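K.L.:
Supplied in structure tokens, the structure appears directly below.
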Amino acid sequence: MAPDNFVIGKVYFEGSLLHPRYPIPEIETWIYVGKNLFADDEAGEDAYYFINPQKYYEDDLKQAIDDEDFFEAIDGYYMVLENDLDGIMDIDELAAWVAMLKDADHADQAF
């Protein structure tokens, strides 16, 4: 995804294939929170930050989930350097990527 299209607070997905032979997707959900947020970010290459949805919406979810340990175990920020953004997708890109999995090599054995 082009980094200029990221919108703070919007949901994005990271997709990869789990198995070396079969098109088994592994999909993570992230919320974009900004670029170059910390002083120790590497100079020369932009760093894009995402956060786990459970952490982003923690205050809202605490009303429904009465378990403090649940929130402590959640990962915080996920940093992606500009050169590695090719695996980050919006909902339309994710839908297209998932749809093409059924036509991938060995899909008939996986699905």
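What follows draws every value from the coordinates through simple rules; no lab data is involved. On a predicted model such as this, the values are computed, not experimentally measured, just so you know. In this analysis, Cβ positions are derived from the backbone assuming ideal geometry, glycine residues included, and neighbour counts consider all displayed protein chains.
K.L.:
Pop the C-beta distance of residue 1 and residue 98 into the FRET formula with R0 = 22 Å and round what comes out to the nearest 0.05.
P.N.:
0.90
K.L.:
Relative to a virtual label point 7 Å from the Cα of residue 111 in the Cα→beta-carbon direction, which members of region 81-103 show backbone nitrogen distances below 18 Å?
P.N.:
91-103
K.L.:
R0 = 30 Å: FRET efficiency of residue 21 with residue 59, Cβ-based, nearest 0.05?
P.N.:
0.10
K.L.:
Could I ask something else about it? Provide the FRET efficiency to the nearest 0.05 for the residue 84-residue 11 pair, computing r from the beta carbons and using R0 = 22 Å.
P.N.:
With R0 = 22 Å, the Cβ-Cβ based efficiency is 0.70.
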